[in-house]
Amino acid sequence: MTITLLHHTPLTICSNAIRTCWQSFDKSDNGGEKDKELIDRVGNKFKHASTLEHLSYNFYIQGISRALLQELARHRIASLSVKSTRYTLKELKDIEPFHTKDFEGASRFLVLTGVQAVDSASIEALNNLQAILKSGVSNDRAKYCLPESYKTELTWSINARSLQNFLSLRSDKSALWEIQNLAHALFEALPMEHRYLFESSIKTKEG
Ligand SMILES: Cc1cc2nc3c(=O)[nH]c(=O)nc-3n(C[C@H](O)[C@H](O)[C@H](O)COP(=O)(O)OP(=O)(O)OC[C@H]3O[C@@H](n4cnc5c(N)ncnc54)[C@H](O)[C@@H]3O)c2cc1C
């Protein structure tokens, strides 16, 4: 998967929002250590977590499976705009079927698990779908036999409070392996000066 951070809110927006409550704007150090400490103290330690909602992150996420997408979509406090299979299945229609052991070629369309039996079955499903498309069935109907491993991409926007919740739930070893990878990749894509807000949410990756 590839994660691109498209945009993020500067920390000063959040520290200024907090300073609104006490009108202490003159104490700001323009996003320096004093402002960072204030955000952590009020947003995290004092649990005035709504102040963290002033920080937003816009990500472009590529190469995740539709299996992961349906778990990601459960996080209601976030916004998604997802590549439409109805419009993009034509990418598959005009190429040759894949050999069931052509993992490298098929990885253009599928997220592979590393378990050969599963990945070959995914390739077969992809080839079946392709044959159906070539026979003239519309994308609208053909998409119902997409394998869950089919790759997709989306723009995902989330505020810091909700991202903390997401990272804490989805970097946990009880979460699906692919969403654990996503959680870690999102953390790594954050600006360095923002990461301290999420360090207690993200769980250490195993292996
Ligand atoms: C390991 C794991 C296994 C899971 N297994 C399953 C499963 O088998 N089946 C399944 O259906 N789901 C499953 N889920 C999904 C899970 O139930 C949540 O839907 C998902 O993690 C989103 O979490 P959330 O509600 O905290 O996030 P968000 O939807 O982003 O909500 C963020 C926070 O806002 C508040 N909030 C949002 N909406 C409401 C509301 N309507 N009422 C009150 N408070 C609200 C809550 O405090 C919530 O934590 C699983 C999740 C994990 C991490």
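Laboratory data are not the source of any read-out in this text; all were calculated from the coordinates shown. Fair warning: this is a prediction, and the values are worked out from it, not measured in the lab. When we count neighbours, we look across all protein chains shown, and the Cβ atoms used for this are built from the backbone with ideal geometry, even at glycine.
Footprinting exposure proxy ranking of MET192, MET1, fewest other C-beta atoms within 10 angstrom first, gives MET192, MET1. Give the cross-link partners of LYS173 among the lysines, using a straight C-alpha distance below 16 Å as the criterion and excluding same-chain residues fewer than 8 apart. Output for LYS173: LYS203, LYS205. Label zone of TRP22 (point 7 Å out along Cα→Cβ, amide N under 18 Å): in segment 46-76 this covers 46-52. Of all aspartates and glutamates in the structure, those lying under 13 Å Cα to Cα from LYS101, and not within fewer than 8 positions of it along the same chain, are ASP119, GLU124.
At a temperature of 25 °C and a viscosity of 0.890 mPa s, determine how fast segment 119-207 diffuses translationally according to Stokes-Einstein, using the Kirkwood radius over alpha-carbon pairs as Rh; express D in µm²/s, rounded to the nearest whole number. Using the Kirkwood radius from Cα pairs, D works out to 157 µm²/s. Computed about the Cα centre, the dipole magnitude for segment 157-207 is approximately 120 debye when only Lys and Arg (+1) and Asp and Glu (-1) carry charge, each at its Cβ. Hey, what D do you get for the chain in µm²/s if you plug the Kirkwood alpha-carbon radius into Stokes-Einstein at 20 °C and 1.002 mPa s? Estimated via Stokes-Einstein, D reaches 112 µm²/s. Each of LYS143, LYS45, LYS34 has some number of other Cβ atoms within 10 Å of its Cβ, and from fewest to most they run LYS45, LYS34, LYS143.
Report the calculated FRET efficiency for ARG86 and ARG108 (r = Cβ-Cβ distance, R0 = 30 Å), to the nearest 0.05. Computed FRET efficiency for ARG86 and ARG108 comes out at 0.95.
Taking the fewest neighbouring Cβ atoms within 10 Å as the starting point, the ordered list for ARG41, ARG19, ARG170 is ARG41, ARG19, ARG170. Long hydrophobic helices in the chain, taken as whole DSSP H segments with a C-alpha length of 20 Å or more on their own axis and mean Kyte-Doolittle hydropathy at least -1.0: 116-134. Relative to the current alpha-carbon distance between SER50 and ALA131, full extension at 0.36 nm per residue lengthens the span by 24.1 nm.
You can think of it this way: the chain between THR155 and ALA121 has 9.3 nm of extra reach, that is 0.36 nm per residue less the Cα-Cα gap.
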